[in-house]
1. Considering Ile44, Ile68, which residue is in contact with a Pro (Cβ under 9 Å, 6 or more places away or on another chain) and not hydroxyl-bearing (Ser, Thr, Tyr)?
2. Show the residue pairs meeting these rules: Cβ distance below 8 Å; 6+ apart or different chains; first residue within region 127-155 and over 23 Å from Leu83 (Cβ atoms) and among the charged types (D, E, K, R); second residue at pLDDT below 95 and surrounded by 15 or more Cβ atoms within 10 Å (Cβ to Cβ).
3. Identify the single condition in (1) assigned to a loop (DSSP other than H, G, I, E, B); (2) touching a residue at least 12 places away in the same chain (Cβ under 8 Å); (3) more than 17 Å from the chain's Cα centre (by Cα) that Leu101 does not satisfy, given that it satisfies every other one.
4. Any residue that is within 22 Å of Gly13 (Cα to Cα), surrounded by fewer than 17 Cβ atoms within 10 Å (Cβ to Cβ) and of a type outside the set (Ser, Thr, Tyr) - is there at least one of those in region 130-138?
5. Kindly evaluate His148 against the criterion of being surrounded by 19 or more Cβ atoms within 10 Å (Cβ to Cβ), more than 26 Å from Arg69 (Cβ to Cβ) and touching a His at 6+ places or on another chain (Cβ under 8 Å).
6. Taking the conditions exactly as written (assigned to a helix (DSSP H, G or I) and closer than 21 Å to Leu64 by Cβ), does His95 satisfy them or not?
7. Considering only region 168-175, I want to know if a residue exists there that is under 15 Å from the mean Cα position of the chain (by Cα) and free of Cβ contacts under 8 Å to residues at least 24 places away in the same chain.
Amino acid sequence: MSATIGLVDYGMGNRRSMQKSLERAGATVVLTGDHDALRATDGIVVPGVGAFAAAMRLLEATGLDALIRERAAAGVPVLGACLGMQLLFEHGAEHGGADGLGLLPGEVVPLAPRGLKLPHIGWNQVRWVRPSPLSQGLADPTPFYHVHSFVPAPSDDDVAIGMSDYGVEFASVVGRGNVFGTQFHPEKSSRDGIALLANFIGVCAPVEAAAA
């Protein structure tokens, strides 16, 4: 049985594109900011395009920050994509800095690509450095589509699942327990992006089965 995924609608990010990609990957998708509707889903996806501090203000204004933390603490799988991934960390340095959701240890810092152009835009290889359900069936390395100027700096090495290089090495896939994140856009990453989303849906499906 397929999982029902709650796609968090807090006013930022390419939500419709992510919705369509999750549906292509086999999920039933609920795009909403309603707390009760999100609590009824098997997994949570936090999208995002834009600035860290502005995104956190929107989440806090609607109480969705607490809702995401609540669901993660309950063991519900959570996936953050691009800015949504950065929000999972404790702090972001962009625009003077702001506290994040604190679901993963570390902060988000400017990408320092040693003379390469910013933002980092385009396809880049991700090499898998730690086993994860997200990488099942994917090549090593796998190309994904990136658009960003900031990167996560996990305070624990085991949080990094996949690494990329753009003048400097950075964590492009992160995770701990039931919390996962991708710096790239899976919804813009063609077949491999859909495969990764399908892997996440597979992580969510046992939650649904246990509740049935």
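The values are calculated or read from the model by the stated rules, or taken from the named source; none is laboratory data. Quantities reported herein were computed from a predicted structural model and do not represent experimental measurements. All Cβ positions, even for glycine, are placed from backbone atoms using ideal geometry, and neighbour counts span all protein chains on display.
1. Within the list Ile44, Ile68, the selection yields Ile44.
2. Listed by first residue and then by second, the contacts come to nothing, as the list is empty.
3. Of everything listed in (1) assigned to a loop (DSSP other than H, G, I, E, B); (2) touching a residue at least 12 places away in the same chain (Cβ under 8 Å); (3) more than 17 Å from the chain's Cα centre (by Cα), Leu101 misses just condition (3).
4. No - not one qualifying residue is present in region 130-138.
5. Numbers: surrounded by 19 or more Cβ atoms within 10 Å (Cβ to Cβ): yes; more than 26 Å from Arg69 (Cβ to Cβ): no; touching a His at 6+ places or on another chain (Cβ under 8 Å): yes.
No.
6. It is true that His95 is assigned to a helix (DSSP H, G or I) and closer than 21 Å to Leu64 by Cβ.
7. Scanning region 168-175 turns up at least one residue that is under 15 Å from the mean Cα position of the chain (by Cα) and free of Cβ contacts under 8 Å to residues at least 24 places away in the same chain.
Listed here are the residues, each with its yes/no results for (1) touching a helix residue (DSSP H, G or I) at 6+ places or on another chain (Cβ under 8 Å); (2) part of a helix (DSSP H, G or I); (3) surrounded by 24 or more Cβ atoms within 10 Å (Cβ to Cβ); (4) not aromatic (Phe, Trp, Tyr).
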{"residue": "Gly6", "(1), (2), (3), (4)": "yes, no, yes, yes"}
{"residue": "Val30", "(1), (2), (3), (4)": "yes, no, no, yes"}
{"residue": "Gly50", "(1), (2), (3), (4)": "yes, no, no, yes"}
{"residue": "Glu60", "(1), (2), (3), (4)": "no, yes, no, yes"}
{"residue": "Ala66", "(1), (2), (3), (4)": "no, yes, no, yes"}
{"residue": "Gly80", "(1), (2), (3), (4)": "yes, no, yes, yes"}
